[in-house]
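Following: one structure in structure tokens, then a few remarks.
The values are calculated or read from the model by the stated rules, or taken from the named source; none is laboratory data. Not measured: the values here are computed from a predicted model. Using ideal geometry, Cβ is built from the backbone for each residue, glycine included, and neighbour counts are taken over all protein chains shown. All accessible areas refer to the heavy atoms of the entire protein, side chains included, with ligands and DNA or RNA removed. Shrake-Rupley method; radii C 1.70, N 1.55, O 1.52, S 1.80 Å.
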Amino acid sequence: MYKANNNRYQTMQYNRCGISGLKLPTVSLGLWHNFGDNASYENMKALCFTAFDHGITHFDLANNYGPSPGSAEKNFGILLKENFASYRDELIISTKAGYDMWDGPYGNWGSRKYLIASLDQSLSRMGLDYVDIFYHHRMDPDTPLEETMGALDQIVRSGKALYVGLSNYDGPTMEKACKILTDLKCPFIINQNSYNIFNRTIEQNGLKEMARKEGKGIISFSPLAQGLLTNRYLHGIPEDSRIMTDGRFLKEEKVHQKMKSIENLNQLAQERGETLAQMALKWVLKDHDITSVLIGASRPEQILDNLEVMNSADFTEEELRLIDSYSVDQ
């Protein structure tokens, strides 16, 4: 039976999620690519044990994570029951709905029917009575925002989620959603968006600025750009890499396109005395707008390496200028 490290809270920093009462660890763990039916359960355990033993209390999922869809939640549910049941109140567990999950007109987007049914399925797969955070996973151009936000409010009032969040929203839509949720007195506290040195969309679409204005947190997914901002591809594409074993989200041509930028960024990281991954995570966390970075991992050692961001030095103005220049394709 797993017993957590008694010193797990001594080195992690916990950041308040916007102006809410909830704190998240600086580094959170996403259970996506490596928690599906094609993954090793023993490795899943090793990843979660390593994370929690070092103060990572937040585990992030979605209804469609796998493959197959739902399998990440199912596997995490088994792991929870067998190893983490006594630690449930120390954990922040989040899930989402918004992308294609089941056949027919009710298994996608943002209707009340889809969101409530999806969360019921997620809770069943994980063996939980509630999740700590439930997200709407993407903007829905066809469903009235009032309906989607009303469903999130109903979910909280039913006791199936403690807080709600929005994922992949832009600034103007988040502002409208925030007003609706505020009027409903629904605890909307966080936005989840892709944000890294190569992807600065939230700076361009107003989300980052609006989250600051409204007092909402931001958790960054893909802070390492699907592994591009690591040493993984500096010397070619490994046979066991995500590109070779999955290929759904990161393509070989993307690596070649970014290689000069990656090499320059890696050189700067070495001059700072850290790995490229540590520097890339520190860049995301450089201001107080970002509550947490959401990492993925295939080996426990990657988690430990990423946790070194806690010891990373602040950037100089010249380093930030160089990172900006290197982020453009060379």
| field | Proximal lysines to Lys260, defined as alpha-carbon separation beneath 27 angstrom and excluding residues fewer than eight positions away on the same chain | value | Lys251, Lys282, Lys286
| note | When the chain is treated as a Gaussian network with springs between alpha carbons less than 10 Å apart, the largest mean-square fluctuation among Leu79, Leu285, Leu307 is found at Leu79
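So, with +1 on the Cβ of K and R and -1 on the Cβ of D and E, and no other charges, what is the size of the charge dipole of the range 8-84 about its Cα centre, to the nearest 20 debye?
Details: 6 positive and 6 negative charges, 59 e Å.
Roughly 280 debye, rounded to the nearest 20.
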| task | Kindly report the accessible area of the chain per residue (heavy atoms of protein chains, probe 1.4 Å, no ligands, DNA or RNA), in Å². | result | 44
| query | What does the charge add up to near Glu146, with Lys and Arg as +1, Asp and Glu as -1, over the other residues with Cβ less than 11 Å from its Cβ? | reply | 0
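Rounded to a whole number of µm²/s, how large is the Stokes-Einstein D of the range 72-161 at 10 °C and 1.306 mPa s, given Rh as the Kirkwood radius over C-alpha pairs? Display every interim value, and only then the final one.
Working: Rh = 13.6 Å.
Approximately 117 µm²/s, per Stokes-Einstein.
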| task | With semi-axes √(5λ) of the Cα gyration tensor in Å defined as stated, name the option among (i) 33, 23, 20; (ii) 38, 27, 18; (iii) 30, 23, 20 computed from the structure displayed. | result | (iii)
| said: Only bridges whose two residues both fall in the chain count here: according to DSSP, what percent of them are antiparallel, nearest 5? | reply: 10
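Where nothing but the Cβ of Lys and Arg (+1) and of Asp and Glu (-1) is charged, how large is the charge dipole of the range 97-192 around its Cα centre, in debye to the nearest 20? All intermediate terms of the calculation are to be shown ahead of the outcome.
Values: 9 positive and 13 negative charges, 44 e Å.
Computed charge dipole of the range 97-192: roughly 220 debye.
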| task | Can you send over the carbon and sulfur percentage of the accessible area for the chain, probe radius 1.4 Å, protein chains only? | result | 49
| Which of Ala39, Tyr114, Leu265 sits farthest toward the positive end of the charge dipole of the chain, with +1 on the Cβ of Lys and Arg and -1 on the Cβ of Asp and Glu? | Tyr114
| field | Those lysines that a straight Cα-Cα span of less than 27 Å connects to Lys3, excepting residues fewer than 8 apart in one chain | value | Lys23, Lys45, Lys74, Lys81
| task | Would you mind checking which residues have amide H under 5 Å from Gly66's amide H? H placed 1.01 Å from N; only 5 or more apart, or other chain. | result | Ala72
| Nearest-20 debye value, the chain charge dipole, Cβ charges on Lys, Arg, Asp, Glu | 580
| message | I want to verify a result. In a Gaussian network model of the chain, Cα cutoff 10 Å, which of these has the top mean-square fluctuation: Asp153, Asp100, Asp183? | response | Asp183
